[in-house]
1. Taking the Cα centre as origin and putting +1 on Lys and Arg beta-carbons and -1 on Asp and Glu beta-carbons, what dipole magnitude results for the chain, to the nearest 20 debye?
2. So how tilted is helix 40-49 from the main axis of the chain? Cα-based, degrees 0 to 90, rounded to 10.
3. How do TYR151, TYR164, TYR107 rank when sorted from fewest to most other Cβ atoms within 10 Å of their own Cβ?
4. Between ALA49, ALA89, ALA150, where does the largest GNM mean-square fluctuation fall for the chain, given springs only between Cα atoms within less than 10 Å?
5. Could you give the length gained by full extension between ASN59 and LYS124, i.e. 0.36 nm per residue of separation minus their alpha carbon distance, to one decimal place?
6. From the list (i) 56, 30, 13; (ii) 36, 18, 14; (iii) 117, 24, 14, can you say which value of semi-axes √(5λ) of the Cα gyration tensor in Å was derived from the structure given?
7. Where the centroid of each part is defined by its Cα atoms, how far is the stretch 84-119 from the stretch 25-46 in Å?
8. Using 1/(1 + (r/R0)^6) with R0 = 22 angstrom and r between the beta carbons of ILE79 and TRP109, what's the FRET efficiency to the nearest 0.05?
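Bear in mind these aren't lab numbers, they're just calculated from the coordinates by the rules spelled out. Only a predicted model underlies this, so the values are computations on that prediction, with no experimental measurement involved. So basically every Cβ, Gly included, is an ideal-geometry build from the backbone, and we count neighbours across all protein chains shown.
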Amino acid sequence: MINYTILKIVPSERILSVKYEKDGKPEYYLQISFEDGATESDIISAIQANSVCAVEFWNRYESASDITMSSMTGTVKTIVENPMPEHDALLNRVERTVSETSDTITYSWNVVPLSATDKGQRIKAKRDSLLYGTDEFALQDRGMSTEMQAYRQALRDITEQETYPESVTWPIAPID
């Protein structure tokens with residue numbers, strides 16, 4: 001027979017903490033998520049269904065080798081997380097770097113320029129998205145203003161700019 005105790009229910013996170021117990025076995029703790037609007041019956045069913053996790057744990061526990069630790073305490077290095085730098089995601093990507101000293105682990109970011117091919121692909125994807133956003137103005141039952149026609153043409157001509165793909169000048173959408 002397996003017994004359970006609900007230790008905590010956090011409705012805002014839809015999580016409950018459960019302790020499973022069985023004679024002669026170590027306690028097993030589990031967090032279980034539940035759907036919004038779950039009833040007491042739903043929660044009990046989830047607890048019962050997840051009891052298999054406790055059984056699997058107890059089976060592994062019985063066959064596991066003992067571990068002997070020389071100490072049960074220690075010190076964790078100070079973690080420093082540098083903020084990601086501002087960058088143009090159309091032209092660059094960021095790589096996370098890690099540096100370590102005797103007492104600190106520092107996570108930093110490097111801005112790395114994309115290849116011309118990758119820049120071109122990202123610029124074209126943005127252009128296509130901007131064109132898609134103006135497709136409604138190209139419907140037959142709606143007239144398109146001259147300004148919108150010029151904007152859409154300027155988007156299609158992005159790849160013809162002299163500095164493409166290293167930099168592009170984006171046209172400004174008209175208020176239509």
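1. Details: 17 positive and 28 negative charges, 47 e Å.
It comes to approximately 220 debye.
2. Tilt of helix 40-49: around 80 degrees.
3. Numbers: TYR151 21, TYR164 17, TYR107 13.
Placing the least packed residue first, the sequence is TYR107, TYR164, TYR151.
4. ALA49
5. Details: separation 65, 0.36 × 65 = 23.40 nm, distance 5.55 nm.
Length gained, ASN59 through LYS124: 17.9 nm.
6. Read-out from the structure maps to (i).
7. 41 Å
8. On the way: r = 15 Å, r/R0 = 0.68.
With R0 = 22 Å, the Cβ-Cβ based efficiency is 0.90.
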